[in-house]
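Coordinate-derived values only; no laboratory data. Source: prediction; values computed, not measured. No Cβ is skipped: glycine too gets one built from the backbone with ideal geometry, and neighbour counts run over all protein chains shown.
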Amino acid sequence: MAKRMEILVGAAIGLGMTARAAVDGGADFLLVLSAGRLRVMGAPSLAAMLPIRDSNAFTDAFARQEILDRVSVPVFFGAAACDPRLSIPALLRRVSEAGYNGVANFPTAIHLDGSFRVALEEAGLGFPREVEMLRAAPEYRLATLGYAKTRVEVDALLDAKVERLCLNFGWNSGGSQGVPSGVPLDQAAERARRLFAHIRRRAPGTLCFVEGGPIIDPSHLQQVCEASRADGYLGGSTLDRLPLEMSVMQTTSAFKTTRLLPQEGDTVAARVPGLVGRSQPARQLMARIARLVATDLPILVEGEPGAGRTTVARAIHQASGRTGALTFLDARQDIAARLFGEGGPAALLALRHSTLVIESADALPPMLRARLADWIERGSFARFAKPAERIPGARLVLTHPLGGEALARALSAQRLTVPALRDRLEDLPLLARALLRGAQHGAAELEPAALRLLMARSWPGNLRELAEVLRRAATEGRNGRIDLATLEAQIGLASTAPPASPEDERAWILDALRRNRFRRGETAAFLGIARKTLYNRMRRLGLEA
């Protein structure tokens, strides 16, 4: 027999719209299950195991209204056989007359264990009753699909001559309502290999399917299928809940961030070439730079590490219209010879329209500070010249951590404070685009949910940290897009770390609560932390009320 190039796919669907979408995507058959309907109603799949509905009537109602006679593939009915009042022949007759092509044992007792399942079996209401139903189904011209977990259950289904057998690994993990399966992927693959080999020895014509547990995407399925030679896959949560959650989340995030996402050609309210931003702190910074570059006054640029002090120094040189050299010296190194050797600073700035940048100026030894102040005092920078009298010449720019008042006074320098990234998060979309382009990842785009994660972070490392995260994420991204999962992997646990001090942490959480109208679940999702973690932090910080 020739090897099938494509596996069979059965879609366990609870909504007409997703049923038609699954068929358009190539599903070979559909299963209408109470779990599928409960999922689209917002409940987890395992709610199907609770006595909250007349499962058969519930399933039949939505299937007749939305799925039967509206799709071009066979439809299997998920039948609950445990009701002791239920006449199995009567149920199968109704299913056949309604137009279903087959029947499956769902909800199924295979998801139960312990003394409760033993009690069901002893009362004649457990898995054997499901097998009885599947054994009788062909008499009503119904195809059969049986769910099983263990070899004993598999053998019972084979004795009933079930045509399609699905090895189930438990409820799907993943998403907001997933249940940890407890079955590692490699163990699932090995279990399927052994059981399917057993099935093919006993009943070679039986089609073997896998479903559930750790299989939540095609790559997982491929690993299991390659090991077990499965004929097909049954998808429930993986075909409706997980894609729906992700799609709705991404689309909602896109609308939420519409005003944040910069468009091509978007004009940035910036008056300084080389700087990006339109927030109030960014505007104030640029306005001050625009005033200072009209003078030759020394400028001390201060700010937190990674905030962009060197970038601002470059922007000052460019905005000044200076065509001469831009020279950088690091005060942490021995720069005395270059500053005050033969020719002094004038030798470094021999060309007109030049700029000298001394980085880490807080490391300047006292002697060098004094000599530099004396050199400035002698008038090399024409501090008091009127614009009409000023000869275009050298400019001195120094970068310094926050708290550079003393040095600024000593050098008669104008202080310029670069805001921290956390104080200008409104600029983050523009900054991210600029950083990606600067890192030669210009084609990479941030998905809206990924952008929201960036904006929920406090960024203690400022622009330097943001640039590094984006660089790694762009390298790992697929199809030129940086999605939420890729970004989370690069940020790691640090993405949820608030500022170090309790005061900053309180402000961080309070801001997120206000953004989400004090809805705690939405706030936790926005911050990228568990709801319980949010509650604990709110309690510790006195924000419970």
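Below are the figures for this structure:
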item: Inter-probe distance in nm under a simple model that places probes 7 Å from Cα toward Cβ, at Val73 and Ala197; result: 3.1 nm
item: Summed residue charge, Cβ within 11 Å of Ile491's Cβ, Lys/Arg positive, Asp/Glu negative; result: -1
item: Lys532, Lys161, Lys149 arranged by Cβ crowding within 10 Å, fewest neighbours leading; result: Lys532, Lys161, Lys149
item: Approximate spin-label separation Tyr140-Ile52, in nm, with each point projected 7 Å along Cα-to-Cβ; result: 2.7 nm
item: Loop-located trypsin sites (Lys or Arg not before Pro) in the stretch 75-109, at most 15 other Cβ atoms within 10 Å (DSSP); result: Arg85
item: Contour excess over end-to-end distance, with Cα ends at Arg117 and Ala370 and 0.36 nm allotted per residue; result: 82.4 nm
item: Length added when fully stretched, Asn536-Gln333, from 0.36 nm per residue minus Cα-Cα; result: 68.4 nm
item: Surrounding net charge for Gly25, when Lys and Arg each add one and Asp and Glu each subtract one, Cβ distance under 15 Å; result: -4
item: The stretch 8-250: C-alpha gyration tensor shape, a/c 1.5 cut-off, then a/b vs b/c; result: rounded
item: Projected label distance in nm at Gln284 and Arg229, using a 7 Å step from Cα toward the beta-carbon; result: 7.2 nm
item: Under 5 Å, built H, 5+ apart or other chain: amide partners of Glu445; result: Arg481, Ile482
